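The values are calculated or read from the model by the stated rules, or taken from the named source; none is laboratory data. Predicted model only: the values in this text are computed from it and were never measured. Every residue, glycine among them, receives a Cβ derived from its backbone with ideal geometry; neighbour counts consider all protein chains shown. Heads up: the accessible areas ignore ligands, DNA and RNA and are worked out on the full protein's heavy atoms, side chains in. Shrake-Rupley method; radii C 1.70, N 1.55, O 1.52, S 1.80 Å.
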Amino acid sequence: MVALRLFISTGEVSGDLQGSLLIAALFRQAQQLGIELEVFALGGDRMAAAGATLLANTIGISSIGIWEALPYVWPTWRLQQKIARQIRETPLDAAILIDYIGPNIGWGGRLPKSHPNIPIFYYIAPQEWVWSFGEGKTTQLVGFSNRIFAIFPGEAKYYRERGAAVSFVGHPLIDELQNRPDRAMARAQLGLQDQERAIALYPASRPQELKFLLPTVLAAAQQLYTELPNLRFFVPLSQEQFRATIEQAAQDLSLPLQVVSGETTRLVQAAADLAIAKSGTVNLEIGLQGVPQVVIYRVGAVTAWIARHILRFSIPFMSPVNLVNMEAIVPELLQDEANPDRIAAEAKAILLDPERQAGIQAGYGRMRQSLGEPGVCDRAAKEILISVLKQQSSIDTTD
């Protein structure tokens, strides 16, 4: 039996999710191809549960922004240096990089020096195709990547136009649709009455977001609670360590809500009538479940000022839901617009307007059509493994 050793690097909650889905598919495809597989990874608990040997947990050292990222620069660099020494001494057959632009650009430059013959695959390339400040990182990424596996049509087009070998595989969350709970069953399990409307709040997947988003989200929820009857609020946790902070903040506002984790998070998503969510992969999860949502994001004042006045930062959309077809399917409230009054007003408008809800559902339908067919992770995994085997075969023949 052929034995392969893979290295996978990612960070953040969404990277851990996508990494875990790909790892599970890699093991499935390896079994079908008669390959013995060993996976070493930088990621999180989900990837470890999927079968990877976790070299370090990178989920707690991620950040968006300029000023906000500074506290994480040194810990991330030290971790990368430590793992680099370990990886240099580990025979590898391929590397798979998932999003996580700063550290993974570093790995893309480092790995060919210590492992000159291994192919490097980029699965879910960084969203340079949306908000790049220049071509520098894109040029680096295209230069070291043997193949990019794109999950958005726009991502595939952007990197292909810049000379990359690209496979559009579709979005991995399409695969997860097959396992989503039924709405009626989910509402029953959560104890929701027919007249009650469930509001799902997604304020944070990074520590910084507890500071910049949590108070705003809860203040908006408090407004809704006082203005509309029969609302039930749920906060599905992205990280268990956030529970105490969220519960205390809700208690300070006298806002009744239920913080949930594990499988209950899936029930909440299936049962929800509306979500108020930070921008990120969770927007796609919500959209694929068919739940209307208001998307928000805020960063610190210093970062916002630099982005506006020095970097001239401008993007068409921020939420992945709107980025798929470059279409305003759901409302986005960014920075100053992401205030409790505006968020509550948008949420009320959706909850009370069936036509608005129908428009969002129609947009979700178009979005789904653009995200590919089920079997995403297995398609990517099979192509990766076959590419590695072909590369090894060509090297053996040359030798």
remark   = Inside the stretch 111-150, the number of residues satisfying the requirement of being of a type outside the set (Phe, Trp, Tyr) and open to solvent by less than 10 Å² (accessible area, probe 1.4 Å) is 9
task = Answer yes or no as to whether Gly170 is closer than 25 Å to Gly44 by Cβ, of a type in the set (Gly, Ala, Ser) and at pLDDT 90 or above.
result = yes
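Output yes when any residue across the stretch 231-254 is open to solvent by 50 Å² or more (accessible area, probe 1.4 Å), closer than 25 Å to Ile350 by Cα and among the acidic types (Asp, Glu), and no when none is.
So the first thing to find is which residues in the stretch 231-254 are open to solvent by 50 Å² or more (accessible area, probe 1.4 Å), and the list is 232, 240-241, 243-245, 247-248, 251-254.
Restricting the remaining residues to those that are closer than 25 Å to Ile350 by Cα gives 232, 253-254.
Those still in the list that are among the acidic types (Asp, Glu) too: none.
Within the stretch 231-254, none of the residues are open to solvent by 50 Å² or more (accessible area, probe 1.4 Å), closer than 25 Å to Ile350 by Cα and among the acidic types (Asp, Glu).
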Unique residue being in a helix (DSSP H, G or I) and at pLDDT 90 or above when the list is Val130, Val142 = Val142
request  = Would you list the helices (runs of 4 or more DSSP H) that sit entirely within the stretch 178-284 and hold 1 or more residues that are within 21 Å of Gln357 (Cβ to Cβ)?
outcome  = 183-189, 214-227, 264-271
